[in-house]
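In what follows, a structure is listed as structure tokens, so that the remarks can point back to it.
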Amino acid sequence: MPTITIDALGLDEGGLLLVRRALAELPAGAALTVRGAGPQWATHLGAWAREQGHEMAMRAGPDGAEAVLTRGPWAEGRWLGAMATGRSTLGPGEEPAARADPAWGLAARGATVEAGSPPIAFGLSARDEVWAVTAGELYAQAAAGQWDPQTAIDWDAPFDLPPAIEAAVAQVMTYLIENENAALVVPARHLGQVHPHYREVQQALALQCADEARHIEVFTRRLGLRGHAPMLSTAGGQASLHSLLQAPDFSTATFLLSVLGEGSFITLLTFLQAHAPDPVTRRICRLAARDEARHVAFGMAHLEHRLAAQAGYRTQLQAAVEQRHEALAPTAGLNEEVFDALVLLAAGELTPEAVARGHAAVQQMKADMAAGRRARLLRLGFEHEEARRLSDLHTRNFM
Amino acid sequence: MTRPALVMGAVAYAPKVITIWEGFKAWFAGQGLGFDYVLYSNYEAQVEAQFAGEVDIAWNSPLAWVRAGRMARSRGVSVEAVAMRNTDRDLRSVIVVRADSPLQTLDDLRGRTLGVGAIDSPQATLIPLHHLRAAGLAGGRDFAVRRFDVLSGKHGDHIGGERDAAVALLAGEVDACCMIDGNHLAFGLDGTLPAGSTRVLATTEPYDHCNFTTSPGAPADAVARFVELLLAMRWDDQAVRPLMYLEGVRQWKPGRVSGYPQLETAVDEAAFYGPDGAILDADYHY
Ligand SMILES: [Fe+2]
Ligand SMILES: [Fe+2]
């Protein structure tokens, strides 16, 4: 019979751990001898054994009284019908479960979950509705790519802009912030619905939200850097963003926000980087664009998975773009003030020649946006004509 | 309204009592036993209800069992202990002092103050006082008794009295105090009595705790079915495990009455109940 000696260690001082571990190695019905030297060990062991349903008897041992504990069957009983929840680490080409059981709840993927655990309702508990093959990779890139707004940007870099240019920057920042607010709120609303079984997606979305929080911070700080107050926000701009919140499901929201919207947004940030009148604006647009590239990559990877699993879903994406176009038709599209501000930033000054250059640059940016959208739609398997048509139906507000 | 096959009385000593018995009620229904329960605020009312025909069976404290037995005998009827928890068997109480206390034997308690639990607590008051009396020490005569009364009428089911006495012991307000052995361990684990801060001066003889007590004239078939279902209840059945956990039971056992003589004597010594079950202690309010 196995024997453990707890010496003078009290059961209320950690002694229980030794007893529990020794018992755990025995099958139900097997006995363990316990020897102790503390003042209350036998009283406490008896009380604990009674509560746990183990039999205990005292007998004379070589060094005084010793206890014989017979393991009850209760610990095993508890794990009868326990649920397996997949593998913690996915091998190459391996996917998580097609459906995540609500009863797996918040357990770590791969944990053994006791039967009778409370079911927790997660709206997104089907793999094909959330999964992206590269989600884990994109999460790792995002974790490595987090930057500190305080140190990544030289906020004290010297520059001095004419009031009209500074005002143009303030208007563009006002516009960027409301877009970033949408880019934060849309994934955040879905994040809480993702079953934790799809851990990589949960993690990628969480860092996407963190990215957007930083974007909101740096655009807000640049806006006020020279004392400017936020400027104008239009009904058309907000209607366009509002329609993202109304997307019927995660895949459609991701398609509209990330594939079409954030994809276009990268072109805008690249434009601003090229035409930024000051080093702070240049730097923050560069940093934000880098993050956005990951968001677009996740969106593409998810849609690639979804369409591979469910080819018919393409029709729903087409319908979503058409519906959004119809819904936004009566609105004014891109804020005129934003458009003018972009032209002015590209022009650099208010002369006709400069403004002509600026205007042409903004037109080129819009053409680049449309080309990018078409390329991504082609990659998702849309026909050439259809890709062009859907790209053209995309909101004039860029996002 | 037709009365279900079996109506059980239980004392509402904590909110979880509703969770437990609603759960068991549904489970019994699933097994084809029409079962309902009535909650009482104290065990005295519950035992009296057994004799008024209000309930067929009662989930009784050991003290309520003693009273039910006395009332039955004096009336020439019978009550029976038909089932109990595995954890109700062979409990012991301990009398505890501070680790650095000069008290080494029970006799050292003379002239000192003993903290006990509720006036009607078998484990923290009646049985420890009996244990001391058997050693020749009477409370009130040889040592002072300070009661930590929490929820009288609930027969010490509420742990608060034992905890308050333990806290008073550490604070030096009493020289010794009483509790169930398991609570001494629990208070050590939860920090109420830091490990090593106290020492067990004495341990009582083993005694049994709660049981299901039939009422006089209880429907035998329904009682038999109830006991059969209880004994068949399994800890590895997730439908009942949470309820069993709340009730503090791993396995239901048949009732036995061998574990109550100590309490019978304690009740007489304390003049708590008369031989007919009448309540004698004038300080007992519930
Ligand atoms: Fe962003
Ligand atoms: Fe983004």
(message) Accessible area of region A:127-393 with a 1.4 Å probe: how many percent of it is carbon plus sulfur?
(response) 55 percent
(message) Please compute the modelled spin-label separation between A:Q150 and B:K253, points set 7 Å along Cα→Cβ, answer in nm with one decimal.
(response) 6.3 nm
(request) Collect residues whose amide H, placed 1.01 Å from N in the peptide plane, falls under 5 Å from the amide H of B:R146; neighbours closer than 5 in sequence don't count. (result) B:L114, B:G115, B:V116
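How much accessible area per residue does region B:93-203 have, counting only protein heavy atoms and a probe of 1.4 Å, in square angstrom? Display every interim value, and only then the final one.
Numbers: 3770 Å² over 111 residues.
Solvent-accessible surface per residue comes out at 34 Å².
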(request) Determine the order of A:D278, B:D221, B:D175 by accessible area, beginning with the largest, at a probe radius of 1.4 Å. (result) B:D221, B:D175, A:D278
(request) Could you please state, rounded to a whole Å, how far the C-alpha centre of region A:221-296 is from the C-alpha centre of region A:65-88? (result) 54 Å
(message) Only protein chains counted, 1.4 angstrom probe. Which residues of region A:66-83 are at least 50 Å² less accessible in the assembly than when their chain is isolated?
(response) A:W74
(message) Quick check for you: with a 1.4 Å probe and neighbouring chains kept, what is the accessible area per residue of region A:3-70, in Å²?
(response) 47 Å²
(message) I'd like the orientation of helix A:384-393 relative to chain A: the angle between its Cα long axis and the longest Cα principal axis, in ° from 0 to 90, rounded to 10.
(response) 80 degrees
(request) Would you tally the net charge around B:P102, using a Cβ to Cβ cut-off of less than 15 Å, leaving B:P102 out, and scoring K and R as +1, D and E as -1? (result) 0
(message) I want to verify a result. In a Gaussian network model of chain A, Cα cutoff 10 Å, which of these has the top mean-square fluctuation: A:H295, A:H215, A:H384?
(response) A:H384
(request) Work out the charge dipole of region B:93-203 with +1 on the Cβ of Lys and Arg and -1 on the Cβ of Asp and Glu about the Cα centre, then indicate which of B:A134, B:L169, B:V116 is farthest towards its positive end. (result) B:A134
(message) Pairs of alpha-carbon atoms within less than 8 angstrom and 6+ residues apart define the contacts here; what relative contact order does chain B have, in percent?
(response) 29 percent
(request) Quantify how much of the Cα-Cα distance distribution of the protein assembly as shown extends past 46 Å, in percent. (result) 47 percent
(request) List the residues whose amide H sits under 5 Å from the amide H of B:A83, counting only those 5 or more places along or on another chain, with H placed 1.01 Å from N in the peptide plane. (result) B:F212, B:G255
(request) Calculate how steeply helix B:16-30 sits against the longest principal axis of the alpha-carbon atoms of chain B, using the helix alpha-carbon long axis, and give the answer as 0 to 90 degrees to the nearest 10. (result) 30 degrees
(message) Per residue of region B:74-88, what does 6.51 cos²θ - 1.76 cosθ + 1.60 with θ = phi - 60° give for ³J(HN,Hα)? Whole Hz please, x for Gly and Pro, Karplus curve as stated.
(response) 5, 9, x, 10, 10, 10, 9, 8, 9, 7, 7, 7, 4, 7, 8
(message) Using only the heavy atoms of the protein chains and a 1.4 Å probe, how would B:R3, A:R21, A:R199, A:R306 rank by accessible area, largest first?
(response) A:R21, B:R3, A:R199, A:R306
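Could you please state how large a percent of the accessible area of region A:3-70 is carbon and sulfur, counting protein chains only and using a 1.4 Å probe?
On the way: 1640 of 3190 Å².
Using a 1.4 Å probe with all protein chains present, region A:3-70 comes out at 51 percent carbon and sulfur.
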(request) Please compute how much accessible surface disappears when B pairs with A, both sides summed, using a 1.4 Å probe, and round it to the nearest 100 Å². (result) 1900 Å²
(request) Using protein chains only (no ligands, no nucleic acids) and a 1.4 Å probe, work out which residues of region B:171-202 have their accessible area cut by at least 50 Å² relative to the chain alone. (result) B:D181, B:L185, B:A195
(request) Within 10 Å, count the other beta carbons around each residue, average over each peptide in B:23-30, A:141-148, and list them highest first. (result) B:23-30, A:141-148
(message) From the helices alone, meaning DSSP H stretches of at least four residues, give me the mean residue ellipticity at 222 nm for chain A, per-run term -39500 (n - 2.57), in deg cm²/dmol to the nearest 500.
(response) -18000 deg cm²/dmol
(request) Enumerate the calculated ³J(HN,Hα) couplings along region B:146-160 in order (Karplus 6.51 cos²θ - 1.76 cosθ + 1.60, θ = phi - 60°), each rounded to whole Hz, writing x wherever the residue is Gly or Pro. (result) 10, 8, 10, 8, 10, 6, 4, x, 9, 6, x, 4, 7, 6, x
(request) Could you count how many Lys pairs in the protein assembly as shown have their Cα atoms under 24 Å apart, skipping same-chain pairs fewer than 8 positions apart? (result) 6
(message) Suppose each label sits 7 Å from its Cα in the direction of the beta carbon; what would the B:E228-B:T19 distance come out to in nanometres?
(response) 3.2 nm
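So what's the net charge close to A:D128: Lys and Arg +1, Asp and Glu -1, counting the other residues with Cβ under 11 Å from its Cβ?
Combined, the nearby Lys, Arg, Asp and Glu give +1.
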(message) Threshold 30 Å², probe 1.4 Å: give the residues of region B:70-114, in number order, that are less accessible with all protein chains present than with their chain alone.
(response) B:T87
(request) Would you give the gap between the C-alpha center of region B:214-286 and the C-alpha center of region A:174-219, rounded to a whole Å? (result) 58 Å
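Rank these by accessible area, largest first, 1.4 Å probe: B:S258, B:S197, B:S61.
I get B:S258, B:S197, B:S61, largest accessible area first.
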(request) For every helix of n ≥ 4 consecutive DSSP H residues, a contribution of -39,500 (n - 2.57) applies; sum these over chain B, divide by its total residues, and give [θ] at 222 nm rounded to the nearest 500 deg cm²/dmol. (result) -10000 deg cm²/dmol
(request) Taking the Cα centre of region B:93-203 as origin, work out the dipole magnitude from +1 charges on Lys and Arg Cβ and -1 charges on Asp and Glu Cβ, in debye rounded to 20. (result) 200 debye
(request) From zero up to wherever the largest Cα-Cα distance of region A:127-393 sits, split into 10 Å bins and tell me the percent of pairs in each. (result) 7, 30, 35, 21, 6, 1
(request) Could you work out the local net charge near B:Q31, counting Lys and Arg as +1, Asp and Glu as -1, over the other residues with Cβ closer than 10 Å to its Cβ? (result) 0
(request) May I ask you to derive the FRET efficiency for A:R314 and A:A108 from their Cβ-Cβ distance with R0 = 45 Å, giving the value to the nearest 0.05? (result) 0.80
(request) Take the alpha carbon atoms of region B:56-133, find their center, do the same for region A:113-132, and report the distance between the two centers in whole angstrom. (result) 50 Å
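The values are calculated or read from the model by the stated rules, or taken from the named source; none is laboratory data. Fair warning: this is a prediction, and the values are worked out from it, not measured in the lab. In this analysis, Cβ positions are derived from the backbone assuming ideal geometry, glycine residues included, and neighbour counts consider all displayed protein chains. To get the accessible areas, we keep the full protein, side chains included, count just its heavy atoms, and leave off ligands, DNA and RNA. Shrake-Rupley method; radii C 1.70, N 1.55, O 1.52, S 1.80 Å.
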